[in-house]
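The values are calculated or read from the model by the stated rules, or taken from the named source; none is laboratory data. Note that the structure is a prediction, hence the values are computed from the model and not measured. FYI the Cβ positions are ideal-geometry reconstructions off the backbone, even for glycines, and counts take in every protein chain you see. Note: accessible area is taken over every heavy atom of the protein model, side chains too, but ligands, DNA and RNA are not part of it. Shrake-Rupley method; radii C 1.70, N 1.55, O 1.52, S 1.80 Å.
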Amino acid sequence: MTDPYGFLRTPRNPVPPRPAELRLGDWREVHAGQTLLPLVSEQANRCMDCGVPFCHGGCPLGNLIPEWNAYAAHGDWRAAAERLHATNNFPEFTGRLCPAPCEDSCVLAINADPVTIKNVEQTIADQAWELGYAPPAPPGRLSGQTVAVIGSGPAGLATAQQLTRAGHTVVVYERSDRIGGLLRYGIPAFKMEKSHLERRIAQMRAEGTVFRTDADIGGRVDAADLRRRHDAVVVAVGAEERRELPAPGRELNGIHQAMEYLTCANRVGEGDCAAPALTAEGRHVVIVGGGDTGSDCLGTALRQGALSVVQLDIRPEPGPERPEGEPWPLVHPQVYRISHAHEEARGRHGGDPRLFSSATMHFEGGADGRVRALHLTAVEAVGRRPMPGTERVIEAELVLLALGFSGPERASRLAEQLGLTRDDRGNFARDAQYAALGEPGGPGGPGGGRAPSEGRSAAAEAPPWVAAPAAGAPPTWEPPRKRSSRRRPDGVFVAGDAGRGQSLVVWAIAEGRAAAAAVDRYLTGSTALPAPVGAHDRPLSA
């Protein structure tokens with residue numbers, strides 16, 4: 001166990017990043033090349049191994065945090081890696097990209113500084129690879145059944161790895177030219193170098209997962225035909241319908257969606273071109289949106305040599321402490337946070353680049369049709385109505401819209417071809433077991449799709465209102481409820497942001513694991529795969 005007095009003897013000491021000016025000169029990770037094992041082990045020793053570890057509830061994966069903290073504290077990296085991988089397929093992703101809701105729920109956070117859980121997780125994951133503790137785990141036998149996974153983001157990859165290891169033949173279809181989804185082209189290398197993604201893809205290939213790139217399912221490839229060729233299909237296409245800003249002047253040149261900008265920058269890192277087609281070099285940049293995507297744009301613009309960068313956040317500036325309405329252990333409390341990109345901007349330009357409680361009124365262009373200024377106003381904290389007399393103009397030669405996403409792309413014919421419907425938030429509708437829901441009388445339903453495999457049990461053939469039984473237990477019947485009016489696209493499942501909406505990487509991986517369990521149960525009648533979250537579960541937040 002850890003030192004029961006460690007949290008009293010040792011103050012919180014996160015892994016320090018490289019100096020801001022040093023890392024602004026390259027695209028390597030913020031913590032690249034640092035050897036900090038003694039520091040991480042010391043910090044892991046602050047874990048109290050609580051009788052009720054609320055960090056489990058803060059993490060949708062249910063990570064066994066006190067257990068691997070204890071092993072990390074003693075330098076037993078093999079055991080720590082085993083406990084970490086027991087609940088998380090890709091801890092090297094979450095250790096770098098997840099905002100660590102587990103730390104918000106750490107018991108120490110009631111009145112002190114929480115354990116540096118994220119730092120410990122990343123270190124364990126990196127040690128696992130360095131010391132050879134993450135070998136491929138191919139199945140002992142094959143089931144003879146095939147599954148198509150549409151999308152290769154974290155949800156799709158987690159689904160594929162779980163089902164491959166369970167013995168099914170899995171093919172991952174990605175419409176882009178490389179595997180990885182937003183992990184590939186949406187996340188800058190200074191947050192996660194692509195070598196971590198390549199290493200995990202190589203592991204999955206060695207286990208038997210098949211990858212197909214340039215496969216536009218719902219476009220060049222008919223999704224209904226894909227369904228007929230597989231025993232099950234998992235839709236994990238993410239939520240890539242970008243929110244727009246309907247402000248006067250939006251049509252001006254120089255105003256772009258954030259993901260368009262980040263993709264251009266990442267393609268340079270992949271070696272596709274020597275310079276990005278869209279760059280901030282030598283320009284005054286304004287980022288509209290105060291979330292993580294906006295922060296990624298900020299770090300990218302600084303590295304490209306922007307003259308100045310301003311980030312607009314419509315939310316009011318948070319205070320340093322939790323608001324009364326968001327007490328511990330709620331995750332994601334509205335407190336003032338500084339990302340590494342904000343720290344870099346402060347170091348280079350002398351202040352926080354964010355303008356809080358600010359909204360765009362309209363854009364101003366020049367004779368050449370390019371944007372040259374942005375008119376903004378302060379807004380009220382409640383209702384976000386413009387405040388008279390607060391209008392101002394800021395120089396803007398490149399404007400990046402980082403306003404989030406509103407469900408799967410609507411231009412794709414994927415939904416039509418598979419008989420999918422959308423919920424009231426624009427995501428693909430599904431039941432609590434991740435099975436897709438369709439229109440009344442639509443395609444699919446009993447007898448739809450590919451004929452059932454011979455080995456499929458009666459439980460797997462049950463109609464949609466039969467609750468999924470535990471292994472070896474008799475079916476439990478539920479009343480049909482409202483969803484009985486919808487015909488289920490047989491054998492089609494929805495995982496990740498496509499069904500949940502825009503969320504965190506840790507939720508995507510948790511959903512991929514849970515969806516894999518649902519597919520395995522559908523194919524075989526039972527499953528031993530874990531299902532950490534239900535399709536309708538939500539974070540512990542206000």
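What to note about this one:
- Taking all protein chains as shown and a probe of 1.4 angstrom, residue 67 keeps an accessible surface of around 80 Å².
- Structural descriptor for region 127-211: relative contact order 34 percent, calculated from alpha carbon pairs under 8 angstrom and at least 6 residues apart.
- Heavy-atom accessible surface of the chain: percent carbon and sulfur, 1.4 Å: 53
- The Kirkwood hydrodynamic radius of region 321-370, based on inverse pair distances between different Cα atoms, is 14.5 Å.
- Rounded to the nearest whole Hz, the Karplus-based 3J(HN,Hα) values (6.51 cos²θ - 1.76 cosθ + 1.60, θ = phi - 60°) of region 489-502 follow the sequence x, 4, x, 10, 10, 10, 10, x, 4, 4, x, 8, x, 3, with x at glycine and proline.
- Cα gyration tensor, region 50-92 - rounded (a/c under 1.5), prolate or oblate: oblate
- Each other residue within a Cβ distance under 10 Å of residue 533 adds +1 if Lys or Arg and -1 if Asp or Glu, for a net charge of +1.
- Each Lys and Arg adds +1 at its Cβ and each Asp and Glu adds -1 at its Cβ; summed about the Cα centre, the chain shows a dipole of about 940 debye.
- A simple charge model with +1 on the Cβ of Lys and Arg, -1 on the Cβ of Asp and Glu and nothing else charged puts the dipole of region 1-134 at about 140 debye relative to its Cα centre.
- Computed on protein heavy atoms with a 1.4 Å probe, the accessible areas place 185, 133 in the order 133, 185, largest first.
- Computed FRET value (nearest 0.05) for residue 137 with residue 538, which takes r as the C-beta separation and R₀ as 25 Å: 0.20
- Net charge dipole size for region 25-97 [Lys, Arg +1 and Asp, Glu -1 on Cβ; Debye, nearest 20]: 60
- Taking the centroid of alpha carbons for each part, region 488-534 and region 202-261 are 18 Å apart.
- The per residue volume of the convex hull around the alpha-carbon atoms of region 80-144 is 112 Å³.
- With a Förster radius of 30 Å applied to the beta-carbon distance between residue 37 and residue 243, the computed FRET efficiency rounds to 0.10.
- Sites residue 422 and residue 205 - FRET efficiency at Förster radius 35 Å, r taken between beta-carbons, to 0.05: 0.55
- Computed with a 1.4 Å probe over protein heavy atoms only, the accessible surface of region 297-357 comes to 46 Å² per residue.
- Environment charge of residue 398, counting only residues whose C-beta is closer than 11 Å and scoring Lys/Arg +1, Asp/Glu -1: 0
- Residue among 359, 398, 369 farthest towards the positive dipole end of region 358-402, charges placed on Cβ: 359
- Mean separation of Cα pairs under 8 Å and 6 or more residues apart, divided by the residue count, gives the chain a relative contact order of 16 percent.
- Rounded to whole Å, the principal axis extents of the Cα atoms in region 1-120 read 46, 33, 26, largest first.
- Those residues of region 32-52 whose amide nitrogen sits under 17 Å from the label point placed on residue 13, 7 Å along Cα→Cβ: 34-47
- Here region 231-321 is treated as a Stokes sphere of Kirkwood radius computed over C-alpha pairs; at 20 °C and 1.002 mPa s its diffusion coefficient rounds to 141 µm²/s.
- Across the protein chains, with a 1.4 Å probe defining accessible surface, the residues 93, 356 rank 356, 93 from largest area downward.
- Extension gain, residue 394 to residue 334, is 18.9 nm, computed as 0.36 nm per intervening residue step minus the present C-alpha separation.
- Each residue, residue 5 and residue 362, gets one label point 7 Å from its Cα in the Cβ direction; the gap between the two is 6.9 nm.
- Length released on extending from residue 278 to residue 78, taking residue separation times 0.36 nm less the Cα-Cα span: 67.6 nm
- Largest first, the residues 54, 211 sort by 1.4 Å accessible area into 54, 211.
- Estimated translational D of region 240-396 in µm²/s (Stokes, Kirkwood radius over Cα pairs; 37 °C; 0.692 mPa s): 194
- Shape index of the chain: Rg/Rh, with Rg the Cα radius of gyration and Rh the Kirkwood radius from the inverse mean 1/r over Cα pairs, equals 0.97.
- Selection from 154, 217, 279, by position along the positive dipole direction of the chain (Cβ): 217
- Residues of region 317-344 falling in the label zone of residue 382, defined by backbone nitrogen less than 15 Å from a point 7 Å along Cα to beta-carbon, are 324-325.
- Total formal charge among the other residues, if their Cβ is under 13 angstrom from that of residue 11, Lys/Arg +1 and Asp/Glu -1: +1
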